[in-house]
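The next block holds one structure in the form of structure tokens; read it before the comments.
The values are calculated or read from the model by the stated rules, or taken from the named source; none is laboratory data. The structure presented is a predicted model; accordingly, all values stated were derived computationally and were not measured. Every residue, glycine as well, gets a Cβ built from its backbone with ideal geometry; the counts of neighbours run over all protein chains shown. Quick note on the areas: whole protein, heavy atoms, side chains included, nothing else; ligands and nucleic acids left out. Shrake-Rupley method; radii C 1.70, N 1.55, O 1.52, S 1.80 Å.
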Amino acid sequence: MTTLLERRAAAEPAATAPQPRASRRRAGLRRELLGLLFLAPSLVVFGLFSWWPILRGLLISFQQTNLVDPAVWVGLENFRTVLSDPLVGKALLNTLLFVGLGLVIGFPAPIVLAAVMSTVRRFAGVYRVVVYLPVVVPPVVAILLWKWFYDPGSGLFNQLLGLVGLGPYPWLQSPNTAMLSLVLEATWAGMGGAALIYLAAMTGVPSELYEAAESDGAGIWRRIWHVMLPQLRPVIGLLLLLQLIGTIQVFTEPYIFTQGGPDDATLTVLLLIFRYAFQDGQYGQAAALSVLLAIVLAVLSAVYLRLTRSWSTK
């Protein structure tokens, strides 16, 4: 009996002894390999359709090629040609004008719309659907619809303005109003999604902050400026960055509305890249301008990350 108990006592530490470090390392390696095996199809697809085009475009920016014959290495010549093209400067100024008008008109509009919607209690769901409806309309369909609105003869806008004795105005035919017309359509098409994001953020602001501000005698504008907007600062910063990136890459509106006209008044950087590649066949120059645009967007993103990091430490 004593011998049996001693054997059990001697066997228990051996049963509960930890596994050797090498065994644990092999088990962890097997788990990592199994995870990589499941990720492999997604990594292959992502690399093939995301990273490879980026690397290929970077390579083409240093080559002269028509994508059929063997490419010729030209070094920085494509970048020199692009930077010396007067159309690049014009396209850059037009793009900055679109970005500026988008910030002035399109950026505050969703915030105001969300603030108004936050005060609505009856039929709130219906209003949200109506506000978001332009976002689900295909961009080409929306632009063609607005192109009819802007028609100088039978367009809706000129007909409505004609009822009060104004117009007709050459919305898309005049260099003075063409870019503004594009920004108005882009604002209408995109502000619904941003408005709902702001609305969701506003519902997360504690009501005690509003009540405390109101008890201190703060009016509606002071409550918005000192309570609501500071609470929305992270969301505002993120949507500002997304709007900057989106407006710098504007292409669909000038391409369908005006083809860059009139007199290149709506020629943007991305539309010029399209012209280089698919009208002039200068794929190297198109890739070079794309690389320069990517650098600008990377710098914007880095500045945003730096600012948000400094905000979070305050």
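Structure summary
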read-out	value
Residue match in the stretch 90-106 (condition: in contact (Cβ under 8 Å) with a residue 40 or more places away in the chain, of a type in the set (Phe, Trp, Tyr) and closer than 30 Å to residue 200 by Cβ)	yes
The one condition in (1) assigned to a loop (DSSP other than H, G, I, E, B); (2) under 22 Å from residue 110 (Cα atoms) that residue 246 fails to fulfil	(1)
Search result, residues across the stretch 217-243 that are open to solvent by less than 20 Å² (accessible area, probe 1.4 Å) and out of contact with any Leu (no Cβ under 9 Å at 6 or more places or on another chain)	218, 232
Options 214, 208, 253: the member that is touching a helix residue (DSSP H, G or I) at 6+ places or on another chain (Cβ under 9 Å), more than 23 Å from residue 63 (Cβ to Cβ) and open to solvent by 80 Å² or more (accessible area, probe 1.4 Å)	214
Test: residue in the stretch 123-133 that is modelled with pLDDT of 90 or more and under 18 Å from the mean Cα position of the chain (by Cα)	yes
Any hit, the stretch 167-188, residues being in the same structural domain as residue 93 (by the TED database), more than 30 Å from residue 93 (Cα to Cα) and open to solvent by 60 Å² or more (accessible area, probe 1.4 Å)	no
